[in-house]
1. What number comes out for the charge environment of Gly243, summing +1 per Lys or Arg and -1 per Asp or Glu over other residues with Cβ under 14 Å away?
2. Go through Asp234, Asp181 and list them by solvent-accessible area, largest first, probe radius 1.4 Å.
3. At 1.4 Å probe size, put Ile264, Ile10 in order of accessible surface, largest to smallest.
4. Which value, in Å² rounded to 10, gives the accessible area of Glu332 with a 1.4 Å probe and all protein chains present?
5. Given the whole protein assembly as supplied and a 1.4 Å probe, what does the accessible area of Arg594 come to in Å², nearest 10?
6. With a 1.4 Å probe and all protein chains in place, put Ser497, Ser525, Ser199 in order of accessible area, largest first.
7. For Glu303 and Glu438, compute 0.36 nm times the residue count separating them, minus their Cα-Cα distance, and round to one decimal in nm.
8. Can you order the peptides 503-509, 430-436, 574-580, 325-331 by their average number of other Cβ atoms within 10 Å per residue, highest first?
Amino acid sequence: MQKIRNIAVIAHVDHGKTTLVDGLLEQSGTFGDHEQHDERAMDSNDLERERGITILSKNTAIRYKDYKINIIDTPGHADFGGEVERVLKMVDGVLVLVDAYEGVMPQTKFVVKKMLALGKKPIVVINKIDKDSADPDRVVDEMFDLFAQMDATDDQQDFPVVYAAARDGIAKMDMADPDGDFKCIFEAIINDVPEPEGSADNPAQAQVFTLDYDNYVGKIGISRIFNGRLKKGDQIKLAKADGAFVNGKISKLIGFLGLNRMEIQEAEAGDIVAIAGMETVDVGDTICDPINPVALDPMHVEEPTLTVVFSVNNSPLAGQEGKFVTGNKIRERLEAEMTTNVAMKLEDGGEGLFKVSGRGELQITVLAENMRREGFEFGISRPEVIVKEVEGVKCEPFEHLVIDVPETLSGTVIERLGKRKAEMKSMVPMGVGFQRIEFEIPARGLIGFRGQFLTDTKGEGVMNHSFMEFRPYSGTVASRQYGALISTEKGEAMAFSIFNLQDRGGMFIQPQDKVYEGMIIGEHSRSNDLSVNPIKGKAQSNVRSSGADEAIKLVPPRDMNLEKALEWIEDDELLEVTPLSVRIRKRLLTEAERKRYSRK
Ligand SMILES: Nc1nc2c(ncn2[C@@H]2O[C@H](COP(=O)(O)OP(=O)(O)OP(=O)(O)O)[C@@H](O)[C@H]2O)c(=O)[nH]1
Ligand SMILES: [Mg+2]
């Protein structure tokens, strides 16, 4: 039997997981001598590379001495937290990274809690010790406190600590030691992560934790083998969540090494492999021996907390920029997404409306962004939190929010959050002139807050949040402070009119942008909506005005990308998303319709 260790790398967003995995691949010699690879090689899809974040968990394997180490890199952003829990069930140990300055953050707490509850043994990596502001001793203390608070067992609390600068390939077991390489991390993995339980001689049992899709072989289930052996061509039984067993055959078995996947003939207990051939495979299914089928515990998938409605675009500019615009096309695409993305749910609302639920705004914008790149055109409504009844009480999702703000601005931010029903839990000084403040807040109160927060803190504030639990409904929360500037006309925006509208608020458009009646072209500087004409040219006269035209100075428009726009809109507004544009509009386009509606 081969010697195997299975680990997951978990942490708050940006604490350096993917960078550390790069280093592990590199220093184990898994990359061939001449193999070229990019920084953060595991962040392989386009959006991941552009945004510099991990969206999907991915696995790789390295060889160290005579061990095979399977490594799963997980996303740190709270919206993808559900993935982490599933991944944790597949491994025997974890590397918990924590930034040597930022310390314990909301998602650190989330992943540590899950990891401890599942009984995993951690290796703590204090990363980014090269930073000037790094304070590794404080951060180690924070980790000890966190483990104690979360009822870690003695064995779990007795974790090894590695100090690292993952980006530079540096690690050591004691801050006082000279800088070393990742050898100490490899040794810690071999020595401190338990070897896989189970036996290759038992009847086969493997559990699927991630789905993948390949045009040639179809659905692929990435699985951990807990018992027995799997061979290409094997007949198996697939145990579904509802208790049913489905017959199937392994058409292909795929192994991982470094950034490569290769076809293999056989794999055994303890290993992680990709399996093709099962049409109906879902996350959580057990692949079992056909004669002795025993299902493993099905996996708990985190419930969605947020919903948006995707709709067929019905703006006056509909169909001009997209390739796929019909309700059927949108439905097909969303259904395809749901087959591999277990964290999301789809409900067909009829009449070209599709309710999509997920864990957060980022998860939903990632889907929308992928769709627009593929040529889709559609509308999206304002995100709404999911309200559910728990023992007869109306409940809504609450989030743990941590902000770092300059001391001088903390008052403003606390006041704003108060109006959004946040409850302050602690406030501590953090570095020079900054404060770290923690809150508990209904998820509803966070919708649209980020933009305001960045304005209030002049871009200096940092905010992070992560789902806590459903709690009783907290009443109305404050929403957007300012009204919209709404176009009354259809046509092309003119510099002259934008210039004249500038002192009414912040503009979202620039000259030559297409506009239509009911489209929102800016944010009013007051709380009410204002109808304006953005296509009015300067009156012609025979006398040439002396250089007045050239004197027009336009403030650059506010960049309302998909994410910002989605945060900004209110219930009576929609986003119009096409491959080329993100426009904001009123649901009801004419002033008459809006008046009639508001009277009702
Ligand atoms: N100064 C410093 N920066 C680092 C170090 N390790 C990683 N970084 C930087 O931190 C940023 C985030 O690194 P990633 O590896 O993408 O972090 P991650 O934890 O995978 O992030 P998510 O997957 O999005 O949660 C990148 O800009 C890295 O270059 C380090 O040791 N020192
Ligand atoms: Mg990453």
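The values are calculated or read from the model by the stated rules, or taken from the named source; none is laboratory data. Computed from a predicted structure; not experimentally measured. Cβ coordinates were reconstructed from backbone atoms using ideal geometry, including for glycine residues, and neighbour counts include every protein chain displayed. These area figures cover heavy atoms from the full protein model, side chains too; ligands, DNA and RNA do not enter into them. Shrake-Rupley method; radii C 1.70, N 1.55, O 1.52, S 1.80 Å.
1. -2
2. Output order, biggest surface exposure first: Asp181, Asp234.
3. Most to least solvent-accessible, the answer reads Ile264, Ile10.
4. Surface open to solvent at Glu332 totals about 110 Å².
5. In the full protein context, Arg594 sits at about 50 Å².
6. Details: Ser497 5, Ser525 65, Ser199 35 Å².
Putting Ser497, Ser525, Ser199 in descending order of accessible area: Ser525, Ser199, Ser497.
7. Taking Glu303 through Glu438 to full extension adds about 46.2 nm, to one decimal.
8. Working: 503-509: 18.1, 430-436: 15.0, 574-580: 21.0, 325-331: 16.6.
Those peptides, ordered most packed to least, come out 574-580, 503-509, 325-331, 430-436.
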